[in-house]
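A quick write-up on the structure given underneath.
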Amino acid sequence: MSTLSLRSRTFSNLLPTVRVSASGAPQSAVNLSARAPEDPHAHHDGPAPRHDGTAVPTWALGKPSASAAFARTNVNALPSTGLASRSSLRGIHTSSRQLQTVPDFGAYRTSNPTSNKAFSYFMVGTFGLVAASGARATVQDFLASMSASADVLALAKVEVELESIPEGKNAIIKWRGKPVFVRHRTADEIEEANKVDVSKLRDPQKDSDRAQRPEWLVMLGVCTHLGCVPIGEAGDFGGWYCPCHGSHYDISGRARKGPAPLNLEVPEYSFNDGEGKLIIG
């Protein structure tokens, strides 16, 4: 068997690598001076030591070339620096030495730190102002969506021409979906309302407490029993009468007879003397 065939069939299991080449590839120091094993084919009369057992091969004396050391020798090296433990850290790396240097960022540094700070403060203030304006607009839109719409505000108040209601007559005005009775009372009706003994009423209330002006009586036209609409100028007391369950109200809208427990409700209203109008709401 020739020396060339022995080289091509040589396999070595080596300890961890201890150095790295300039190109970044790992290298290991191979101890090829160890004694060679006995060769059973050296003699025909039995096994005997090889004659070159103590000699170092000539191909291993010089610096290994790419064709001899790497192409003809297979090396299995452990990835750790310890001899008995695989969990120890590696003592070398295979990265290029050129990547270990820190780049120079001097060209990107500012020459005037004060101006750079001023620009940073300006940008922070600008973005803060924009964010505050956006938050203010968002809050305003949210509050506007919760307020009453235009049609609701239009029905919040109702104006009534007082000259259109003659003395001794009633007018029914629709306000917020409910009827409102407006009575232009005569002097006799006012006197009759003031003669009533308030202490005998189920809902004691003076006529002066129910009318801001004696000649004008403003009430909600809803029966306090079950919400029916009473009929004007009817009943036993000359005021209003609810035919549903027989409730009677006097000329001041106070409950006098029947199942109604309370007087007719008086809404909030005011007078506009300059234009001669009654404003309900």
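The values are calculated or read from the model by the stated rules, or taken from the named source; none is laboratory data. Just so it is clear, the model here is predicted, and its values are computed rather than measured. Cβ: placed from backbone, ideal geometry, glycine included. Neighbour counts: every protein chain shown.
For the stretch 158-189, the set of residues classified as surrounded by 17 or more Cβ atoms within 10 Å (Cβ to Cβ), assigned to a helix (DSSP H, G or I) and among the hydrophobic types (A, V, I, L, M, F, W, C) consists of 162 only.
What is the residue count in the stretch 199-246 for residues that are in a loop (DSSP other than H, G, I, E, B) and farther than 22 Å from residue 176 by Cα?
First, pick out the residues of the stretch 199-246 that are in a loop (DSSP other than H, G, I, E, B): 201-206, 211-212, 214-215, 221-230, 233-239, 243-246.
In the following step, the residues that additionally are farther than 22 Å from residue 176 by Cα were identified as 201-206, 214-215, 233-239, 243-246.
Here the count works out to 19.
With respect to the conditions (1) more than 30 Å from residue 275 (Cβ to Cβ); (2) at pLDDT below 90, residue 147 falls short on a single one, namely (1). Restricting attention to the stretch 226-273, the residues being farther than 21 Å from residue 195 by Cα and among the β-branched types (Val, Ile, Thr) number 2.
The rows are residues; the columns are (1) more than 28 Å from residue 159 (Cα to Cα); (2) within 53 Å of the chain's Cα centre (by Cα); (3) not aliphatic (A, V, I, L, M).
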residue: 239; (1), (2), (3): no, no, yes
residue: 244; (1), (2), (3): yes, no, yes
residue: 250; (1), (2), (3): no, no, yes
residue: 256; (1), (2), (3): yes, no, yes
residue: 261; (1), (2), (3): yes, yes, yes
residue: 270; (1), (2), (3): no, yes, yes
residue: 276; (1), (2), (3): no, no, yes
residue: 279; (1), (2), (3): no, yes, no
